[in-house]
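Q: Pasting in a structure now, in structure tokens, and then I'll have a few things to ask.
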Amino acid sequence: MAYATSDDFTRLGLRAATIAGIDSAVVTQHLEAASQWADTRLRKRYALPLDADTWGDDLRALVCQRAAWTLLRWRGFDPSRPSDEAVRLDAEDADKLLNRVVACTADLNIPDAVNDAPSRPEEFAAISTRPRRGW
């Protein structure tokens with residue numbers, strides 16, 4: 001299941017003119033792969049799979065940013081082109097934000113009802129200590 005559609009991709013990822021020569025099936029494959037990439041992080045905080053339409057444009061945008069980057073790498077990344085570099089930086093920002101979501105220092109527009117997984121670091125493990133030894 002992809003968190004974003006081709007329409008979302010042209011709205012939140014790359015302009016339609018940018019991907020005009022690319023088969024829509026290829027775009028869909030990159031969106032599905034980007035959604036799986038997001039799931040590798042989201043599963044640490046949310047019960048998966050998420051129900052359809054329980055997520056907002058924030059998650060759609062992150063998936064589109066990642067898909068734009070993988071699509072650009074597939075097409076051919078040119079670091080001398082500012083637009084190519086901007087796509088790479090957007091993908092890095094998306095990765096950083098998802099890592100912050102997992103660390104509970106940022107949130108996505110996902111209802112609490114779907115949050116059955118541990119949401120706070122203290123819920124992951126118990127800490128036990130011995131009496132202080134004075135050192």
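Q: Considering only region 57-111, state which residues are assigned to a helix (DSSP H, G or I) and of a type in the set (Phe, Trp, Tyr).
A: Within region 57-111, 69, 74 qualify.
Q: If you don't mind, there's one more thing I want to ask. Just to be sure, is residue 84 at pLDDT 90 or above and either more than 26 Å from residue 43 (Cα to Cα) or surrounded by 14 or more Cβ atoms within 10 Å (Cβ to Cβ) (or both)?
A: Numbers: at pLDDT 90 or above: no; either more than 26 Å from residue 43 (Cα to Cα) or surrounded by 14 or more Cβ atoms within 10 Å (Cβ to Cβ) (or both): yes.
No; evaluated as a whole, the condition is false for this residue.
Q: Tell me, please, whether a residue that is more than 20 Å from residue 110 (Cα to Cα) and open to solvent by 50 Å² or more (accessible area, probe 1.4 Å) can be found in region 58-73.
A: Checking region 58-73: at least one residue is more than 20 Å from residue 110 (Cα to Cα) and open to solvent by 50 Å² or more (accessible area, probe 1.4 Å).
Q: Sticking with this structure for a sec: Which ones in region 9-47 are in contact with an Asp or Glu (Cβ under 8 Å, 6 or more places away or on another chain) and either surrounded by fewer than 17 Cβ atoms within 10 Å (Cβ to Cβ) or among the acidic types (Asp, Glu) (or both)?
A: 47
Q: Taking the stated definitions as given, is residue 55 on the phi < 0 side of the Ramachandran plot, aromatic (Phe, Trp, Tyr) and under 12 Å from the mean Cα position of the chain (by Cα)?
A: Here the answer is yes, as residue 55 does meet what is asked.
Q: Within region 10-33, track down each residue that is assigned to a loop (DSSP other than H, G, I, E, B) and in contact with a Ser or Thr (Cβ under 6 Å, 6 or more places away or on another chain).
A: Within region 10-33, just 16 meets the criteria.
The values are calculated or read from the model by the stated rules, or taken from the named source; none is laboratory data. Because the structure is a prediction, the values reported are computed rather than measured. Glycine gets a Cβ as well: all are built from the backbone with ideal geometry, and neighbour counts include every protein chain shown. Side chains included, ligands, DNA and RNA excluded: accessible areas come from the protein's heavy atoms. Shrake-Rupley method; radii C 1.70, N 1.55, O 1.52, S 1.80 Å.
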